[in-house]
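S.K.: Attaching a single structure in structure tokens format; questions to follow.
The values are calculated or read from the model by the stated rules, or taken from the named source; none is laboratory data. Treat the numbers as computed from the prediction; the structure is a model and nothing was measured. A quick note on method: Cβ atoms are made from the backbone with ideal geometry, for glycine too, and the neighbour counts reach across all protein chains shown.
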């Protein structure tokens, strides 16, 4: 009986040693660092200056031309929005700070000029609308969302490179087209001066 | 009676057991990381988001394999070695706010003996990426390449910025 037990024990040990495969492991840590890419670049038109020097311009304003156009691009790894606002509540005279001009004499139209599309199912809306160029907007010191990405799945999302996300802000002055100031520059009896303000463009992740 | 027990014990200790050991199938698998032991994908500009990041032949693994039987001869029933890979975790988890990326974000390719293998989309289940028929004292280098976010279906646009981590486990074993 004991012989049988010893024999079986030896056999089991033998078989178990034969059947045991040997493997070895190596572990490699992998990290993926996603840095936020949110870049806005004013390509041209970083300094817009309207010079009103004829009565016609005082009466009818100055319409947009390429000279009064700001072009900017956005490169973003995530959907984004762009806000626009003026630094001051009014344009302030350089000669005298008591000389002011209402901001709503200045208006702008937004146009997407890159490969991105503006529609309900496209990449973004402009100034709350789904058409490009947008409706005319009056400049304001209130923060105004001028570009709104339409995230997937409703839209195609705004995240993209500068070829996709290229925009123009087409400025105009004193044209009295609604919603701009309906009174001409002439009728406002503005003191001759150089009126200025800063306009901020703020790129931020889509909320 | 005592002498009989003693003889039986001595017999199994010095005859049966050494025989069992000498007749065993010796399989030895070893894997060493020669270089590329820490893989980092850094998405620092938009182009990388759009096109993904590839690390070509970044990790070099030295593999040893031996499958012999009694007398040190190649195991006639052996089929060679296999190199497998899997993710230890079920997803690529971020440091913050529970952000996760799918394992399918990462693909792995292997280069061995002049041939390319893959790409293999990463999962948490072992996938064989390279095999070899060698049985006797195999000693070779397998080069591993990594792709992250290179396919339109797995690019990282609109993924939340974070540092995402996972562990890759390579296993060298008999086929």
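S.K.: Only residues that are over 22 Å from the mean Cα position of the chain (by Cα) and at the interface with chain A (Cβ under 7 Å from one of its Cβ atoms): list them for region B:26-75, please.
M.R.: Answer for region B:26-75, where residues must be over 22 Å from the mean Cα position of the chain (by Cα) and at the interface with chain A (Cβ under 7 Å from one of its Cβ atoms): B:42, B:43, B:44, B:45, B:46, B:49, B:50.
S.K.: Report yes if residue B:123 is modelled with pLDDT of 95 or more and not in a strand (DSSP E or B), otherwise no. Even if it seems obvious, please write down each step before you answer.
M.R.: Numbers: modelled with pLDDT of 95 or more: yes; not in a strand (DSSP E or B): yes.
When the stated conditions are applied, residue B:123 passes them.
Here is a yes/no grid of residues against (1) within 13 Å of chain B (Cβ to nearest Cβ); (2) free of Cβ contacts under 8 Å to residues at least 12 places away in the same chain; (3) exposed (fewer than 14 other Cβ atoms within 10 Å of the Cβ); (4) assigned to a loop (DSSP other than H, G, I, E, B):
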| residue | (1), (2), (3), (4) |
| --- | --- |
| A:141 | no, no, no, yes |
| A:154 | no, no, yes, yes |
| A:162 | yes, no, no, yes |
| A:167 | no, no, no, no |
| A:179 | no, no, yes, yes |
| A:184 | no, no, no, yes |
| A:191 | no, no, yes, yes |
| A:201 | no, no, no, no |
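S.K.: Quick check: anything in region B:70-77 in a strand (DSSP E or B), touching a residue at least 12 places away in the same chain (Cβ under 8 Å) and within 30 Å of residue A:40 (Cα to Cα)?
M.R.: No, region B:70-77 has no match at all.
S.K.: If I filter region A:86-101 down to residues being buried (at least 18 other Cβ atoms within 10 Å of the Cβ) and under 26 Å from residue A:133 (Cα atoms), which single residue comes out as farthest from the chain's Cα centre (by Cα)?
M.R.: So the residue we want is A:91.
S.K.: Scan region B:164-175 and report the pairs whose first residue is more than 7 Å from chain A (Cβ to nearest Cβ) and whose second residue is part of a strand (DSSP E or B) and at pLDDT below 95, with Cβ atoms within less than 6 Å and a gap of 6+ or a chain change.
M.R.: Filtered contacts from region B:164-175: B:175/B:82; B:175/B:131.
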